[in-house]
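The values are calculated or read from the model by the stated rules, or taken from the named source; none is laboratory data. The shown structure was predicted, so the numbers you read here are calculated from the model rather than taken from an experiment. So basically every Cβ, Gly included, is an ideal-geometry build from the backbone, and we count neighbours across all protein chains shown.
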Amino acid sequence: MLTIDVLTLFPEAFSGFLGASILGLARQRGIIDVRLHNLRDFSADKHHKVDDRPFGGGPGMLICPEPVFRAVEWLESHGFQGRRILLTPAGRTFDQKFAQELSGEKRLLLLCGHYEGFDHRIVEGMKWEEVSVGDYVLSGGEPAAMAIVDAVTRLLPEALGDPDSPKDESFSDGKLEYPQYTRPREFRGMSVPEVLVGGNHAEIRKWREEESKRRTSSRRKSP
Ligand SMILES: C[S@@+](CC[C@H](N)C(=O)[O-])C[C@H]1O[C@@H](n2cnc3c(N)ncnc32)[C@H](O)[C@@H]1O
């Protein structure tokens with residue numbers, strides 16, 4: 001079982017996501033546990049304030065160090081030991097290899113930012129792996145945390161109905177997946193490639209391998 005603690009200002013953002021599809025089933029089956037913690041609960045301020053204006057000026061608000069330090073200390077005092085991930089556009093880019101690595105862990109902590117981000121002492125003063133889900137800016141770390149939870153969950157043993165699914169997917173061997181087709185064989189003048197309906201499995205494997213290479217080299221710089 002993998003347990004993922006998520007520190008967020010918007011735990012409600014996860015409600016539909018956690019109950020649906022593969023993740024919902026994985027939670028029901030005890031394959032993964034996702035624990036949401038509201039950063040506001042760790043504020044020492046009587047109004048549960050967690051943010052303030054940046055020194056030196058500039059737009060927006062930053063998450064203050066205190067609630068984050070208190071939250072992590074609370075988690076540790078309740079047994080948390082594991083990798084800590086701080087979500088930021090400035091981090092290492094999350095990819096399938098990283099998802100595979102994380103799927104081998106027992107405990108993870110994901111810290112979601114909001115507003116203009118974090119007071120830098122949060123980054124400096126605690127041990128974090130800074131992780132980005134891509135070169136674009138989200139309003140908060142919640143969609144980034146969901147992407148990580150989802151990508152990691154589907155790699156956990158028995159999370160998917162067919163255990164071979166993750167082996168055959170894009171990035172599993174560094175390449176993008178080949179095109180796939182289902183019924184009907186003809187649709188609005190478009191046909192399924194003959195090789196896929198011919199029953200020759202060696203030919204099908206060869207076609208898929210070639211399509212996969214072709215797609216990867218045309219859509220990615222380094223296949
Ligand atoms: C509006 S963003 C802050 C952006 C920050 N001012 C900057 O320019 O890098 C608010 C929060 O969303 C999350 N976030 C935004 N984009 C992200 C990305 N690409 N990957 C991971 N987290 C992201 C981070 O937790 C960040 O603290």
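General observations
- Count of region 123-139 residues which are among the small types (Gly, Ala, Ser) and closer than 14 Å to Leu111 by Cβ: 2
- The condition (being surrounded by fewer than 15 Cβ atoms within 10 Å (Cβ to Cβ), over 24 Å from Gly104 (Cα atoms), small (Gly, Ala, Ser) and without any contact (Cβ under 8 Å) to a residue 24 or more places away in the chain) is satisfied by just one residue among Gly79, Gly56, Gly24, Gly60: Gly56.
This table checks each residue for (1) more than 6 Å from the ligand (Cβ to nearest atom); (2) closer than 21 Å to Pro157 by Cα; (3) touching a helix residue (DSSP H, G or I) at 6+ places or on another chain (Cβ under 7 Å); (4) outside any loop (DSSP other than H, G, I, E, B).
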{"position": "Gln81", "(1), (2), (3), (4)": "yes, no, no, no"}
{"position": "Leu86", "(1), (2), (3), (4)": "yes, no, yes, yes"}
{"position": "Gln100", "(1), (2), (3), (4)": "yes, yes, no, yes"}
{"position": "Gly113", "(1), (2), (3), (4)": "no, no, no, no"}
{"position": "Glu124", "(1), (2), (3), (4)": "yes, no, no, yes"}
{"position": "Val131", "(1), (2), (3), (4)": "yes, no, no, yes"}
{"position": "Tyr136", "(1), (2), (3), (4)": "no, no, no, no"}
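- Selection status of Ser218, at pLDDT below 95, over 22 Å from the mean Cα position of the chain (by Cα), over 30 Å from Glu76 (Cα atoms) and loosely packed, with under 10 Cβ neighbours inside 10 Å: no
- Hits in region 173-223 - residues which are out of contact with any helix residue (DSSP H, G or I) (no Cβ under 7 Å at 6 or more places or on another chain) and of a type in the set (A, V, I, L, M, F, W, C): Phe187, Met190, Val192, Val197, Ala202
- Summed over region 91-137, the residues that are of a type in the set (A, V, I, L, M) and surrounded by fewer than 14 Cβ atoms within 10 Å (Cβ to Cβ) give a count of 1.
- Among the candidates Pro166, Pro143, Pro157, the residue that is over 14 Å from the mean Cα position of the chain (by Cα), under 21 Å from Arg27 (Cβ atoms) and part of a helix (DSSP H, G or I) is uniquely Pro166.
- Selection count, region 169-207, where residues are under 31 Å from the mean Cα position of the chain (by Cα) and not hydrophobic (A, V, I, L, M, F, W, C): 13
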